[in-house]
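Let me begin by presenting the structure, written as structure tokens, before commenting on it.
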Amino acid sequence: AQPMLRRLDTVPGVVLVSVAAAMWGLDGLIRKPLAETTSPYTIVFGEHVVLVLLTLPLLIPAMRALWAAGPRYVAAGIAVGAGASAIATILFTKALFHGDFITVVVLQQVQPLIVVIGAWFILGERPRPGFAWFLLAGLAGIWLISLPHPFDAHVQGLVPVVETLTAATLWGLGTVLGRFLGRRLRFEHVSTVRFAFGLIAAAVALPIVGASAFSSLHDSFWIAVLAIVTGFLALNLYYFGLRRTPAPIAALGELAFPVTATLVGIYVFDSSLRWTQWVGVALTVTVIFLLPVRRRQLVRVPPPEPALASS
């Protein structure tokens, strides 16, 4: 593992963040069909059971490192786990079931705005003037991709709108607080903390809503696939890259998620792209590819904090 990590360390962090986000975009291939046969609460609980089992050897060292980092870090760990990992994923899964795929993806566009605001106040990471052009271009690209008729936008139903916006807000804050945790914790400890508190929150939710902890053997298999690919692999890669990536830059790298998710939604659940959508793909992909080149000129970052917590 160490030689691979050393090789990954030579790659700009935002590239790793973008690759992880692209992996999340494949999530809808499995999650949307699952949501039609299994409760979102059961799906998210099952994912976190698998994730905690995969990171079990790291659980005690990660919790020790979190406790040693101080109360602010403990609170951030709980917020990332319960909020971004459990509650946001439940809401996103429910929104996929209640609403159309494109509505959910379009409304996810508020997430970069949440990250920029949160990073400014919590991390002291302030965008430079050139950042606005990247942000506007990225959001415009996603808008064009998501809507076949970009000047005739509409969403379907209040419930999926509220669910998606809440999930996007929690995920945006999760990016900021994940970056915050990375100041003192190793990347694998951040993901382990996230999974552990996420499992607790998902377990608490089950009896409250009356959902089962188990699903069919078929659905359990695909829940495990979700947990391993878009959870364990993607999130560890994400946090490895995030520790070297300012949160506003990471938010732009995460636009790879709606790009992939929208393409999946169109090709698997709908039809082909119109020319305006291809323009959106080109615009968003251009923003993502330019980020590694211009990343140091886009955000003002405060001096680093003391060394990582050891364990």
Pairs, first at positive phi in the stretch 116-129, second of a type outside the set (A, V, I, L, M) and surrounded by fewer than 16 Cβ atoms within 10 Å (Cβ to Cβ), C-beta under 8 Å, six or more apart: GLY124/PRO302
Output for the stretch 230-254, where each listed residue is assigned to a helix (DSSP H, G or I), under 30 Å from ARG300 (Cβ atoms) and open to solvent by 20 Å² or more (accessible area, probe 1.4 Å): ASN236, LEU237
Residues of the stretch 180-202 satisfying the condition of being part of a helix (DSSP H, G or I), farther than 16 Å from LEU56 by Cβ and open to solvent by 30 Å² or more (accessible area, probe 1.4 Å): PHE187
Selected residue (criterion: most open to solvent (accessible area, probe 1.4 Å)) from residues of the stretch 1-37 that are of a type in the set (Gly, Ala, Ser) and in a helix (DSSP H, G or I): ALA22
Selection status of ALA227, farther than 16 Å from VAL17 by Cβ, open to solvent by 10 Å² or more (accessible area, probe 1.4 Å) and either assigned to a helix (DSSP H, G or I) or touching a helix residue (DSSP H, G or I) at 6+ places or on another chain (Cβ under 8 Å) (or both): no
Qualifying residue in the stretch 117-138 (condition: open to solvent by less than 20 Å² (accessible area, probe 1.4 Å), modelled with pLDDT of 90 or more and either in contact with a His (Cβ under 6 Å, 6 or more places away or on another chain) or outside any helix (DSSP H, G or I) (or both)): yes
Meets criteria (of a type in the set (Gly, Ala, Ser), surrounded by fewer than 24 Cβ atoms within 10 Å (Cβ to Cβ) and either assigned to a helix (DSSP H, G or I) or modelled with pLDDT of 95 or more (or both)) for ALA213: no
Matching residues, the stretch 65-77, being surrounded by fewer than 19 Cβ atoms within 10 Å (Cβ to Cβ) and in a helix (DSSP H, G or I): TRP67, ALA68, PRO71, ARG72, VAL74, ALA75
VAL155 vs. criteria open to solvent by less than 20 Å² (accessible area, probe 1.4 Å), within 30 Å of PRO33 (Cβ to Cβ) and either assigned to a loop (DSSP other than H, G, I, E, B) or modelled with pLDDT of 95 or more (or both): no
Only listed residue being out of contact with any strand residue (DSSP E or B) (no Cβ under 9 Å at 6 or more places or on another chain), at pLDDT below 95 and not hydrophobic (A, V, I, L, M, F, W, C), chosen from ARG194, ARG184: ARG184
Some residue of the stretch 38-54 being in contact (Cβ under 8 Å) with a residue 60 or more places away in the chain, open to solvent by 60 Å² or more (accessible area, probe 1.4 Å), touching a Phe, Trp or Tyr at 6+ places or on another chain (Cβ under 8 Å) and farther than 23 Å from THR166 by Cβ: yes
One residue from ALA62, ALA82 being in a helix (DSSP H, G or I) and within 19 Å of the chain's Cα centre (by Cα): ALA82
Condition check for ARG274: among the basic types (Lys, Arg), open to solvent by 10 Å² or more (accessible area, probe 1.4 Å) and in contact with a helix residue (DSSP H, G or I) (Cβ under 6 Å, 6 or more places away or on another chain): no
Candidates PHE289, PHE257 - the one that is buried (at least 16 other Cβ atoms within 10 Å of the Cβ), within 22 Å of TRP133 (Cα to Cα) and not hydroxyl-bearing (Ser, Thr, Tyr): PHE257
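The values are calculated or read from the model by the stated rules, or taken from the named source; none is laboratory data. Just so we're clear, the structure is a prediction, and the values are computed from it rather than from any experiment. As a convention, Cβ positions derive from the backbone with ideal geometry for all residues, glycine included, and neighbour counts pool all protein chains shown. Areas reflect the complete protein model, heavy atoms only, side chains present, ligands, DNA and RNA absent. Shrake-Rupley method; radii C 1.70, N 1.55, O 1.52, S 1.80 Å.
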